């Protein structure tokens with residue numbers, strides 16, 4: 001069954017269709033998960049995980065898990081785009097987005113995830129980001145963590 005993904009191309013409408021015969025490829029499934037995530041922060045973490053698994057697979061020379069240069073470039077751009085979208089959110093929207101991310105998992109994990117926000121954020125920084133952007137991102141996560149701890 002073909003899957004539809006949001007597309008930025010005007011010539012095919014708002015979605016592009018991935019043929020059913022490509023469903024065995026893990027990349028479309030992973031990208032589908034990223035695009036379906038309700039949390040922008042969650043998307044950033046998912047893209048980081050996809051890119052990291054590709055790097056690990058590349059190091060292990062596993063041709064079934066490695067990405068083509070085109071896929072890696074698309075992931076890099078998507079990663080930076082999601083990151084920049086997070087940075088322009090007002091603090092209250094960032095807090096709300098983190099709340100969505102936290103509520104997507106088990107309630108028992110919530111406290112640990114709150115404490116790990118800055119660490120997760122530091123691991124999820126896109127390579128193409130500039131130092132002030134990276135610092136703002138991590139600082140914002142630390143502020144959101146403090147707000148969430150205060151709200152307990």
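Each value in this text was obtained by applying a stated rule to the coordinates, not by laboratory testing. Quick caveat: nothing in here was measured; it's all calculated off a predicted structure. Ideal geometry is used to build each Cβ from the backbone, glycine not excepted, and the neighbour counts take in all protein chains shown.
What to note about this one:
- Estimated at 0.36 nm per residue, the fully extended path between residue 127 and residue 89 surpasses their Cα-Cα distance by 11.6 nm.
- Here the Kirkwood formula puts the hydrodynamic radius of segment 97-152 at 11.9 Å, using every distinct Cα pair.
- Inverting the pair-averaged 1/r between distinct Cα atoms of segment 37-151 gives 14.9 Å as its Kirkwood hydrodynamic radius.
- Placing a pseudo-label 7 Å from each Cα along the Cα-to-Cβ vector at residue 134 and residue 33 gives an inter-label distance of 2.6 nm.
- Pair residue 77, residue 100: separation of 7 Å Cα→Cβ label points (nm): 2.3
- Here the relative contact order of segment 37-151, from alpha carbon pairs under 8 Å that lie six or more residues apart, stands at 33 percent.
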